[in-house]
Amino acid sequence: MEEKVYVIDTSGFIVGVEFTHGKMITVPGVVDEIIDSTSRLRFELMHDAGLRVEPPLGTFRDIIASAAESTGDATVLSETDIDVLAKALELAQGSQVILITDDYAIQNVASKLSIEYRPAGSSGIAKEVVWEMKCTGCGAVVTSGSDCPVCGSSIRRRRVGN
Ligand SMILES: [Zn+2]
């Protein structure tokens, strides 16, 4: 049986997750984002219990970046989000990985790459969502940016299909 590994996003420390078995891993960027004292304490306790902090390999970051482009999540994923996803994908090569995150964009890309995920607190989305960036003024559909290249109005992100 494959070893079970939990890759934990920032939300896992804010909400507070507890595991009785399995390895726990997070990335350095997540540790930087945990600033409130309660989450810090949770992190320290989990660290004492064996939680490891490791950066992902660059090749997996590249795969995540292109997957995020195809789902329309590239503009909302932070560097840390990409690291968390990349680490999950990297570990999924030899273990059963469960990504713990409440972030819908991370869940969406995880779904695209068949990475199993579980919400730390809120209920997760059931299936992959495709996003579209659309101008609020003229209705032009764009791939990136916050202002419309046609009329200059603001761009809003909305889900299409599914
Ligand atoms: Zn426009």
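Heavy-atom accessible surface of residue 45, to the nearest 10 Å², is about 110 Å², with a 1.4 Å probe and all protein chains retained. A Förster radius of 41 Å combined with the Cβ-Cβ distance from residue 96 to residue 156 puts the calculated FRET efficiency at roughly 0.60.
Axis of helix 37-48 versus longest Cα principal axis of the chain: the two differ by about 50°, to the nearest ten degrees. With all protein chains in place and a 1.4 Å probe, the accessible surface of the chain carries 51 percent carbon and sulfur.
Please compute, over every Cα-Cα pair in the chain, the percentage with a separation greater than 23 angstrom. Before the final figure, lay out the partial values.
Details: 5335 of 13041 pairs.
Result for the distance tail: 41 percent.
Using the 1.4 Å probe convention, the accessible area of the chain works out to 52 Å² per residue with neighbouring protein chains retained. As a length-normalised measure over Cα pairs under 8 Å and 6 or more apart, the relative contact order of the range 1-110 settles at 40 percent.
Could you compute the net charge surrounding residue 135? Neighbours are other residues with a C-beta less than 15 Å from the C-beta of residue 135; K and R count +1, D and E count -1.
Values: positive: 134, 156, 157, 158; negative: 132, 147.
Net charge around residue 135: +2.
The calculated 222 nm mean residue ellipticity attributable to helices in the chain amounts to -11000 deg cm²/dmol, summing -39500 (n - 2.57) over DSSP H runs of n ≥ 4 and dividing by all residues.
The values are calculated or read from the model by the stated rules, or taken from the named source; none is laboratory data. This structure is a prediction, so every number in the text was calculated from the model and none was measured. All Cβ positions, glycine included, derive from the backbone under ideal geometry; neighbour counts span all protein chains shown. Quick note on the areas: whole protein, heavy atoms, side chains included, nothing else; ligands and nucleic acids left out. Shrake-Rupley method; radii C 1.70, N 1.55, O 1.52, S 1.80 Å.
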